[in-house]
Amino acid sequence: MSIRLSAGGVTVHPEAAPAPILENADLELQAGEVHALVGPNGAGKSTLFGVLAGDIAPASGTVDLDGAPLASIPPKDLARQRAVLLQQNDVAFAFTVEQVVRMGRAPWVRTEREDADDELVAAAMAATDITALRHRAVRSLSGGERARVALARVLAQDVGILLLDEPTAALDLRHQEDVLRIARDRAAAGAAVALVVHDLNAALAYGDRATLLSRGRVVATGSPTEVLTAERIEEVYGQPVDILTHPVTGTGVVVPKR
Amino acid sequence: MSQEVVVPTPSRFRASRFAVVTALLVVALVVTMIVSLGSGQYPLSPTEVIGILLRAVGIDNAWAPDAAPAAGVVLGIRLPRIVLGLLVGWALAVSGVLMQAIFGNPLADAGVVGVSSGAAVGAAASITFGLVTLGAWTTPLFAFAGGLIAVFSVYLISRAGGRTEVVTLLLTGIAINAIAGAGLALLTFLGTTSTREQIVFWQLGSLNGALWQNIALVAPLVLIGSIVALVVANSLDLFALGERTARHLGVRVEALRIVVIVTVALLVCAAVAFAGIIAFVGLVIPHLLRMAIGPAHLPLVITSALGGALLIELADLVARTAVPLADLPIGMLTSLIGGPFFLWLLLRARKSAGGWA
């Protein structure tokens, strides 16, 4: 498997902050894998995510996409390589669902791949279960529907690296599972997927790899079952847990001790 | 935060809606201009007006009246005024669309946020100090500088996290307008009787005294601004997703932002340079057209340009003919339309989303 996106020794230290909010973090995002980023609130997940997306320039350390420094890649070329789903997905003005999903095709305007626009937009809307909403204005939708519209936009971009920041946060159970399945399917098709999640069970069930952050540092990285042990979760989250084994699938299930 | 009542417009109807709206606007604009050319103290029928226009471009015809003053009135006095009005309305409406796009906020307008006042201060300074160093370009250049300072200030002060809160934008506009008002007051105080009169004319807004020389200056600016607006229109759609997402989709956000701000200043200065402050055109027109054809920026720029021109032509027709022998200030008329429209938006937003607080 090839490394698509890698961060090495990344430190982010805003001038106003007394301490770095991310220190010496390493991360490798491989093609064909779902990589779950987990950690408590304020652990630096969003910061690391921002660094990988190219939004935050680290004070030190390197971020490379296919071996080339991320900062050296022009925005348009970058947009043809990786798609980013943020937590905030407000849309100004009354753009319709279909118009917004179609905006995901913007990087491919005036290229050969423009021909696939209609097909990919329709497929992305079907996968996220928003086809019936396609003529509605995004602003008139519920939070969960908006989150799915944003995900559809990201899928329509049709690129090999997906960075998803809490894509399941606003969603009901079924749509959460839909989204995680989509992430896994994309990875199975060869994409490198980074997934920030709060749900440790989702990380265990859908992650091929997990990275646990705490207080701006990477605590552990590796296969989800190795990373998310009961001791480590208790240490990082300050909450004792039991890890059970699912009777059918055999995956670990994290249950807080109550 | 929901500023517009959401009318689910099926997007498949939107392309044909755009064609219909554009056609209607073009027809209305042409009719208004011909009626306007024929109206006034020396009335002419629409056929006579068309006859004169055709003869002026070298097509001889029977419609043109034989009386010599008719052609002079139409071509020398009314036509420059009407062409200037067209350009001014066009420029203001397009600048409104651009500003609303980069502020991500449907209430941004050159008048509301103080860009027009900034440009007027620049222009007033050049009048008061009798600056002629750059010939006919002096006043437009000063207006451009004033407008650019104002729009950059508003932008830097009122933005946070890639978006502009409505309240912050409006309050910033109040502050910028206050500062510009003080500047204008000072310049009025310093000036002579004649420069004072000119400055008062600025603040009222009028197309009176439009000359072909003015148009020769304004037209290229409006043309450049409009071309830029059309080129960036599709990128502006992505701005609606927020700046970070726009960047993730390949937009060079910082560069686009600066290009748009400079273009706004260019368009506003072109409008303000010879016509003074004409408020609310950039607010009312894009708003109405967004309701009619949806928010996509490419069709919005085109229809807003036509709509802005139409509004100014209608306002100017009223300004010239409502009171016999008087020429009302056009800025007063657009504010008379725009003020209540603004209130209506405010009330509607309060009903649908509990206001903008």
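The values are calculated or read from the model by the stated rules, or taken from the named source; none is laboratory data. Fair warning: this is a prediction, and the values are worked out from it, not measured in the lab. Ideal geometry is used to build each Cβ from the backbone, glycine not excepted, and the neighbour counts take in all protein chains shown.
Name the residue that is surrounded by the most Cβ atoms within 10 Å (Cβ to Cβ), counting only residues in the stretch A:57-84 that are without any contact (Cβ under 8 Å) to a residue 60 or more places away in the chain and within 12 Å of chain B (Cβ to nearest Cβ). Within the stretch A:57-84, the match that is surrounded by the most Cβ atoms within 10 Å (Cβ to Cβ) is A:Leu78. Of all residues in the stretch A:171-190, those satisfying the criterion of being surrounded by fewer than 22 Cβ atoms within 10 Å (Cβ to Cβ), in contact with a Gly (Cβ under 8 Å, 6 or more places away or on another chain) and more than 26 Å from A:Asp242 (Cα to Cα) are A:His175, A:Ala188, A:Gly190. Among the residues of the stretch B:140-151, is there at least one that is surrounded by fewer than 17 Cβ atoms within 10 Å (Cβ to Cβ) and in contact (Cβ under 8 Å) with a residue 24 or more places away in the chain? No, there is no match, as no residue in the stretch B:140-151 is surrounded by fewer than 17 Cβ atoms within 10 Å (Cβ to Cβ) and in contact (Cβ under 8 Å) with a residue 24 or more places away in the chain. Taking the stretch A:20-39 as the search range and keeping residues that are touching a His at 6+ places or on another chain (Cβ under 9 Å) and surrounded by fewer than 21 Cβ atoms within 10 Å (Cβ to Cβ), which one is farthest from A:Glu166 (Cα to Cα)? Looking at residues that are touching a His at 6+ places or on another chain (Cβ under 9 Å) and surrounded by fewer than 21 Cβ atoms within 10 Å (Cβ to Cβ), I get A:Glu23. Every condition in (1) buried (at least 22 other Cβ atoms within 10 Å of the Cβ); (2) in contact with a Leu (Cβ under 6 Å, 6 or more places away or on another chain) is met by A:Gly54 except one, and the failing one is (1). Per the listing B:Ser45, B:Ser36, the residue uniquely among the polar types (S, T, N, Q) and over 28 Å from the mean Cα position of the chain (by Cα) is B:Ser45. Here B:Val73 meets each of (1) of a type in the set (A, V, I, L, M, F, W, C); (2) under 18 Å from B:Ile258 (Cα atoms); (3) not in a loop (DSSP other than H, G, I, E, B) with one exception, condition (2). Kindly evaluate A:Leu37 against the criterion of being more than 30 Å from B:Pro286 (Cβ to Cβ) and either more than 12 Å from the chain's Cα centre (by Cα) or at pLDDT below 95 (or both). So A:Leu37 does not fit the description; no. Close Cβ contacts (under 6 Å, 6 or more residues apart or on different chains) running from residues in the stretch A:171-194 that are over 13 Å from A:Arg82 (Cα atoms) and in contact (Cβ under 8 Å) with a residue 40 or more places away in the chain to residues that are of a type in the set (Phe, Trp, Tyr) and buried (at least 20 other Cβ atoms within 10 Å of the Cβ) comprise A:Arg184/A:Tyr206. The set of residues in the stretch A:200-226 being in contact (Cβ under 8 Å) with a residue 60 or more places away in the chain and either over 22 Å from A:Glu177 (Cα atoms) or surrounded by fewer than 15 Cβ atoms within 10 Å (Cβ to Cβ) (or both) consists of A:Leu213, A:Ser214, A:Arg215, A:Gly216, A:Arg217, A:Val218, A:Val219, A:Thr221.
Which one of these does A:Gly50 not meet: (1) more than 9 Å from every other protein chain (Cβ to nearest Cβ); (2) more than 22 Å from B:Asn234 (Cβ to Cβ); (3) part of a helix (DSSP H, G or I)? Here A:Gly50 clears every test but (1). Quickly run through the stretch A:59-80 and pick out the residues that are more than 16 Å from A:Glu28 (Cα to Cα) and either touching a Phe, Trp or Tyr at 6+ places or on another chain (Cβ under 9 Å) or of a type outside the set (Lys, Arg) (or both). Answer for the stretch A:59-80, where residues must be more than 16 Å from A:Glu28 (Cα to Cα) and either touching a Phe, Trp or Tyr at 6+ places or on another chain (Cβ under 9 Å) or of a type outside the set (Lys, Arg) (or both): A:Ala59, A:Ser60, A:Ala71, A:Ser72, A:Ile73, A:Pro74, A:Pro75, A:Asp77, A:Leu78, A:Ala79, A:Arg80.
Identify the residue in the stretch A:90-121 that is of a type outside the set (A, V, I, L, M) and in a loop (DSSP other than H, G, I, E, B) and, among all such residues, is nearest to the other protein chains (Cβ to nearest Cβ).
Restricting to residues being of a type outside the set (A, V, I, L, M) and in a loop (DSSP other than H, G, I, E, B), the top hit is A:Phe93.
The conditions of being within 13 Å of chain A (Cβ to nearest Cβ), within 25 Å of the chain's Cα centre (by Cα), within 16 Å of A:Arg105 (Cα to Cα) and hydrophobic (A, V, I, L, M, F, W, C) are met by B:Ala233.
Here A:Gln87 meets each of (1) within 13 Å of another protein chain (Cβ to nearest Cβ); (2) more than 20 Å from B:Gly242 (Cα to Cα); (3) modelled with pLDDT under 95 with one exception, condition (2). Looking across the stretch B:50-100 at every residue that is touching a residue at least 60 places away in the same chain (Cβ under 8 Å) and in contact with a Pro (Cβ under 8 Å, 6 or more places away or on another chain), the one that is surrounded by the most Cβ atoms within 10 Å (Cβ to Cβ) is identified as B:Ala93. Criterion first (surrounded by fewer than 21 Cβ atoms within 10 Å (Cβ to Cβ), part of a strand (DSSP E or B) and either modelled with pLDDT under 95 or not assigned by TED's automatic domain parsing to the domain that holds A:Thr168 (or both)) does A:Glu15 satisfy it? When the stated conditions are applied, A:Glu15 does not pass them. The condition of being of a type outside the set (S, T, N, Q) and either within 14 Å of chain A (Cβ to nearest Cβ) or over 30 Å from B:Phe152 (Cα atoms) (or both) does not hold for B:Ala91.
Note on the stretch A:128-151: residues that are in a helix (DSSP H, G or I), facing chain B (nearest Cβ under 8 Å) and touching a helix residue (DSSP H, G or I) at 6+ places or on another chain (Cβ under 6 Å) total 0.
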